[in-house]
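The structure under discussion appears below in the form of C-alpha cells.
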Amino acid sequence: MLAYNQEKRSKEQRFWTLAVMAAGGFALIAVGLLRLQIVQHEHYRRLAQENRVRLEVLRAPRGAIFDRNGVLLVDNHPSFNIVFSPLPAESLERARQVVHPEWLLRVSALVESDSAAVTELVRAANRSGQSAVLRRNAPFPVLAAVEEARSELPGIEVLVEPIRRYPHGALAAHLLGYAGEINDRELAERSQRGYQAGDLVGRSGVERSYEEFLRGRDGAEYVVVNAMGKRVSTLSEGPPLAPEAGHDIVLTLDLRVQQALEEAMAGVLRGAAVAIDPRDGGILGMVSRPAFDPNEFSQGLSFARWRQLSGGGSNPLLNRAIQGAYPPGSTFKIVTMLAALRAGMSQASSRHQPCAGSYAFGGRNFGCWKRSGHGSLDFPGALQHSCDVYFYQVGIKLGLPRLEAAARAFGLGDRTGIDLPQERKGLVPGRAWYDKRWGPGRWRRGVLLNLAIGQGELLATPLQLALLAATVAGEGRPLRPHVVQSVRGAAEFHAERPVQAGVAAEPVVWDAVQHGLELAVSSGTGTASRVPEVTVAGKTGTAQNPHGDDHALFVCYAPADQPVIALAFVIENSGHGGSVAAPMAGAVLRRLFAPDSLDREIAPVPLSVDTSEVLRGD
Amino acid sequence: MATRWKLPAFDWPMALAALGLVVIGLSTVYSATTVPGAHQGLWVKQLLWFGLALGAAWLAVSIHYRAYDSLAYPLYAISILLLLAVPLVGISAMGARRWLEIGSLRFQPSEIAKIAMVFVLARRFDDRKLDLTRFRHWFPPLVITLVPLVLVAREPDLGTSLSFPVILVAMYFWAGMPPGRLLLGLSPVMNVALFFLTGSLWWFGGVFAALLAFVRPKWSTLLVFLALNGAVAYAVPSLWDHLHDYQKRRIQVFLDPGHDPHGAGYQIIQSRIAIGSGGVVGKGYLRGTQKGLAFLPMRHTDFIYSVVGEEWGLAGALTVVLLYGLVILRGYRLALLTRNGFASLMAVGLVSALFYHIMVNILMTIGWAPVTGLPLPLLSYGGTALIVNCVQLGLLQNVALRRGEY
C-alpha cells in the first residue's frame, strides 16, 4: 500500500512537471504576443498602415560576352525605368488619386504613352501587388520631367536596372542572340529555378544556349516605402541578399573574321556565311541575312515590330546559318567524289564517257551545266570544272547506299551538335526515305543522278557545308562545331566531343579531293576566290530550287597546305556560285591574308575538343 | 422509473475547447480567403472535412484502447512501410516528397507513424518491472523512434521528424526515467544546439558541468558522456568547416530565416507585421489588411494564427492560447487520473505531440521559431491534418471514457 502511494505521489510530481512546462510554453507565447502587440504595436501599425515593407529585387547583371581575343561583344548598361508601384490598401485617398483621370493624363504624357495602356498596366499592378514598368530606358529629358513631378504623382518611381547592350549592333546578331524580359508562361515554368518577374532570359543564340551560365542570381532587400510609394529606408530585420553576377563567356568568334564576313555580305538580301577553324571546329564568324539589331529587344519591342522581325518572308530572326536548309548543289560533288574514291571503284585517274553537254539515262536526258560539254576529264578535273555528266556516271556506279553513307559521315542530314539553339538537320535521302515517300520500289534510280550533283531532295545548312570544307581540310578528322571557348569562373566547362565519328579514307583519296578543290580555285569555276600568295581550295555550287532563282554557294578553306579557316557561303536566289558567292569568299580571304595585314595570323587556339581518341570510320 | 439519461463521461472541457478552436479555425479560414484572388469557399470544404473528422474521432473513441495496445506493433510496421513507400511513389510539392495518394485522398504517412509510435512506446513502457536506467529497457524505444525520425527527416520534413523525439522524451519521463538521466541523455543534442545558437562551446560546457553536479552519475556513465560530448564538441566545428557553402546556408536559414529574404524570411516579417499591427483588440473580423495584397502568404494554412492576431488582436490570440492550454492540461490530467498504464502513457504521448505542433507553429508566426511548414492543429485549413488531430483527441476521449478501468 505504501509503495502504491509512493508511486501515486511520484506520478503526481511528474504531472505537475509536465503541466508547468506546458504552461511555461504558453506563457512564452503570451510574452511574444505582448511584445509584438503592445510594446512594438506602434512600429508594426505604422509598417502596416502608413508605410509598408516591400521586397525589392536587386537584379543580377548577366555575364558579358567576348570574342576570342577579348574584344567585348555584349555587356550591360544601366536603364532608367519609370515604374508604378501599387499603393497599400489603407491609403484609399491615394488610391483614388491614382485612378483619377488627371493623374492618368499626366503620367501618360510624362512617359509618352497612351493613357489606355497606362491604365491597363496600373490595374494589373494593383491586382497583383507587383510593380509595373511604364517606360523602359527613359531618356534624360523624360527622367528630368518625372523627377520634377514625382512628389505630386503617388506611386511613380524611377528605378535603375541593368539591360543588355550590344555595342556592335547587328554584328553577329544571330550568333549572339538576344535576351528579353521573362513572360508569364516562362515564369510559371521556371520559378522553381529562381526566376522572377522582370528578369531577362536569353531568347536565341548564345544568350539562350548559355542561359544557365550567363544569368546570375538575383539579390533582394526589404525596403520600407511610404504611402506615396516613396522609399523611406531599408528594413534592418532582413539583411539584403547580394546579387551574384552571371559568368562571362569567351567565344571562338574572331571579330576581324566576323567583320570581314559582315562586309562581304553587306549587300545580300537573304543568305548566310560561316567561317570555322578546321583545326578544332571553333566558329570564327557567322552571318545571316537579313539581320536585326538585338539592342531593339533591350528597349522593349512593340508587338507590331516583333511581328515584323519574326514573320514575313524574310524573317530576320531566323539564323539561316544553322536554321536555313538549302540544296547543296555542286558543293556536294566533294562528297560524291570522296565516296567513289574511297570505295575503290575508280582511281583518281580513271575516266568515264566524255561529257557532250548531256547524259541519257532511263529514257531521260540529264544536262550538264555547260551545254557545250567538257569533253574527257579525270577526277580532279571533273571537280575543277564541276562537270555534271561525269558525276552522273559516278553516282550510278556508286549506288545510293554508299553515297548516303558518305554524306552522313560528313555530318550531313543530322545536327552538327553546335552549341546554338534550334539547329536544323537538313536532309540526306536514302532508300528508306524514298520508300516511305513514294512507296517501296515506286521510285526510279534516276534520283541518284540528281543526288550525285547535290540536287534532288538533298538539304544542308550553311554550317554543315562549312563543316564539310573543314573536314576535307582536316582529312576526315571529326569536328564538333562550337562557338563558346570558355566560361570564366566555370573551369569545368569544355566543348563537347564531336557528334560524328569522322570520315575514313586513305591519304591518297584526300590528296586527290584536295587537289581537285585547289584546281577549282586556281583555274576552274572558283577563280574569283583567289588570294595572292595563298593557295585556296574551294568548290562552287549553283542550286536550283523551287522557290525562284538559283542559290549561289561556295565552300573553301585556306591556306591549302595548312588550313586555318574554312568558309561556306549561301546566297539565296542570286545566281551562280562562281560569280556571286566565290567573290565574297575571295574578299574575306584577301582581307585576312593580305601581305601587310596583321590579321594574317589567325591565332591558333589550344584544341578544346579532344578528337585523338575518336575512332576513324563511319 | 426509467434511469435518468447521463452525459457520457467524456472530458467535456477538453472537447468544448477543441470545438471552439475548430469554429475559430473555420471562421478565420473564411476571413483569410475573402481577399480578391484567393480560393474562396474553402471554409465550406473545411466544414465537410470536419464532418469526416468527427466520424473518424467517433471510431477512435468507440474502439476500446486495449485494441490499440494489442495492434501496436502491426500498426507501427505498416506505418514504416508507408514511410518507405513515400520516396518511391510519393507526391512531391514545394521541394519535398511527403505525401501518399490513395484515390483522391492525400495524406502524410508521418502522421500515422506518429500515432503508431505512441502505441508501441506505451505498450513497451506499460510494464511493472520497467527500469529505464537499464540499457535493454531504454535502448529499444530509442531505435523505435529513430527509424521514423530518419525516414521523415529525409523527405525532407524536419519539423515533423522532430516531433518523434519530443514524444519519446515525454514518454520516457512519464514512464519513470529519472529527470537527471534524461537530461544527461539529451546532453549531446543540447551540445550541438547550443553550439549553433551561440557559436561557441563554452555555453554548453557550463550547462553540462551544472548538470553533472546535479545528477552525480556513476563513474562509468560519467566517462561515457564526457567522451560522447567531447567527440561531439570536437566533430561539430570541424564538420561545419567541411560543409559546402550551400549546406551551410541551409542550416543558417533554418536558424535565422532572415538569411532567406525571398522565402521564409519574408513570410515571417509579414506575419509579425500582421500580428503586431493587430494591437490589443485587433482590426476586427474580416477587416485585416495584411492578409490582402498577397502580403501574408499561406494565410489560411501555416500562418492562420497571424490572421487571428491581426483581426482579433491580443485578446483573440490569447483566447486561442488559453483554449490550447485547456486541451493540453486536461490531456495531461487524464494521463494522471486514468488507472490503466497503457492508456496513461498513450495520453501523454498524444498530448505532447499536439503541444509540440502548437508551439512550433505559433512561435513561428511570431518569429521565434524557424519556418518549418507545420500547420496549426485544429485551426489551419487542411483536411487530413484535421482528421488526424480529431483522431488524437478521440483517443484521449477514449481514455476519459474508460478512466476507471485497469
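Computed values, structure above
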| quantity | calculated |
| --- | --- |
| Only one of B:Leu363, B:Leu350 that is free of Cβ contacts under 8 Å to residues at least 24 places away in the same chain and either crowded, with 24+ Cβ neighbours inside 10 Å or within 11 Å of chain A (Cβ to nearest Cβ) (or both) | B:Leu363 |
| Any hit, the stretch B:138-147, residues being in contact with a Pro (Cβ under 7 Å, 6 or more places away or on another chain) and among the hydrophobic types (A, V, I, L, M, F, W, C) | no |
| Breaking point among (1) more than 9 Å from chain A (Cβ to nearest Cβ); (2) modelled with pLDDT of 95 or more, for B:Tyr332 | (1) |
| Residue check for B:Arg106: within 23 Å of the chain's Cα centre (by Cα) and closer than 18 Å to B:Pro377 by Cβ | no |
| Filter pass, A:Thr535 being of a type in the set (S, T, N, Q) and under 18 Å from A:Arg279 (Cα atoms) | yes |
| Residue in the stretch A:421-428 that is within 21 Å of A:Leu517 (Cα to Cα) and either touching a residue at least 24 places away in the same chain (Cβ under 8 Å) or not assigned by TED's automatic domain parsing to the domain that holds A:Ile322 (or both) present | no |
| Test for A:Ser574: is it under 29 Å from the mean Cα position of the chain (by Cα) and either without any contact (Cβ under 8 Å) to a residue 24 or more places away in the chain or in the same structural domain as A:Phe332 (by TED's automatic domain parsing) (or both) | yes |
| Test: residue in the stretch A:96-105 that is charged (D, E, K, R), at pLDDT 70 or above and out of contact with any helix residue (DSSP H, G or I) (no Cβ under 9 Å at 6 or more places or on another chain) | yes |
| Helices (runs of 4 or more DSSP H) enclosed by the stretch B:300-406 - at least 1 residues per element that are within 24 Å of B:Gly282 (Cβ to Cβ) | B:304-337, B:341-365 |
| Unmet requirement for B:Asp69, which otherwise passes all of (1) closer than 19 Å to B:Ala385 by Cα; (2) part of a helix (DSSP H, G or I); (3) in contact with a helix residue (DSSP H, G or I) (Cβ under 7 Å, 6 or more places away or on another chain) | (1) |
| Residues satisfying the stated conditions in the stretch A:199-217, i.e. within 14 Å of chain B (Cβ to nearest Cβ) and either under 19 Å from A:Leu176 (Cα atoms) or buried (at least 19 other Cβ atoms within 10 Å of the Cβ) (or both) | A:Asp199 |
| Tally of residues being within 23 Å of B:Val351 (Cβ to Cβ) and more than 7 Å from chain B (Cβ to nearest Cβ) across the stretch A:25-43 | 3 |
| Residue, surrounded by the most Cβ atoms within 10 Å (Cβ to Cβ), within the stretch A:275-284, restricted to residues that are of a type outside the set (Lys, Arg) and part of a loop (DSSP other than H, G, I, E, B) | A:Gly281 |
| Breaking point among (1) surrounded by fewer than 22 Cβ atoms within 10 Å (Cβ to Cβ); (2) in contact (Cβ under 8 Å) with a residue 60 or more places away in the chain, for B:Leu82 | (2) |
| Those residues of the stretch A:538-558 which are assigned to a loop (DSSP other than H, G, I, E, B) and out of contact with any Asp or Glu (no Cβ under 9 Å at 6 or more places or on another chain), in sequence order | A:Pro546 |
| Where a residue in the stretch B:298-312 is among the aliphatic types (A, V, I, L, M) and its partner, wherever it lies, is assigned to a loop (DSSP other than H, G, I, E, B), with Cβ under 6 Å and at least six apart | B:Ile304/B:Leu376; B:Ile304/B:Leu379; B:Ile304/B:Ser380; B:Val307/B:Gly288; B:Val307/B:Lys291; B:Val307/B:Arg299 |
| Single condition B:Leu54 does not satisfy, out of (1) closer than 30 Å to B:Trp312 by Cα; (2) part of a helix (DSSP H, G or I); (3) free of Cβ contacts under 8 Å to residues at least 60 places away in the same chain | (3) |
| Top-ranked residue of the stretch A:121-152 - restricted to ones that are at pLDDT below 80 and more than 14 Å from chain B (Cβ to nearest Cβ), ranked as nearest to A:Leu72 (Cα to Cα) | A:Arg150 |
| Residue count for the stretch A:169-181, restricted to those that are part of a loop (DSSP other than H, G, I, E, B) and either closer than 26 Å to A:Glu244 by Cα or in contact with a helix residue (DSSP H, G or I) (Cβ under 7 Å, 6 or more places away or on another chain) (or both) | 5 |
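Here's the yes/no breakdown for (1) in a loop (DSSP other than H, G, I, E, B); (2) at pLDDT 95 or above; (3) touching a Leu at 6+ places or on another chain (Cβ under 9 Å); (4) hydroxyl-bearing (Ser, Thr, Tyr):
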{"position": "A:Pro239", "(1), (2), (3), (4)": "yes, no, no, no"}
{"position": "A:Gly246", "(1), (2), (3), (4)": "yes, no, yes, no"}
{"position": "A:Arg256", "(1), (2), (3), (4)": "no, no, yes, no"}
{"position": "A:Gly267", "(1), (2), (3), (4)": "yes, no, no, no"}
{"position": "A:Ala273", "(1), (2), (3), (4)": "no, yes, yes, no"}
{"position": "A:Met286", "(1), (2), (3), (4)": "no, yes, yes, no"}
{"position": "A:Phe292", "(1), (2), (3), (4)": "yes, no, yes, no"}
{"position": "A:Ser298", "(1), (2), (3), (4)": "no, no, yes, yes"}
{"position": "A:Arg305", "(1), (2), (3), (4)": "no, no, no, no"}
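The values are calculated or read from the model by the stated rules, or taken from the named source; none is laboratory data. Because the structure is predicted, anything quoted here is derived from the model rather than measured. So basically every Cβ, Gly included, is an ideal-geometry build from the backbone, and we count neighbours across all protein chains shown.
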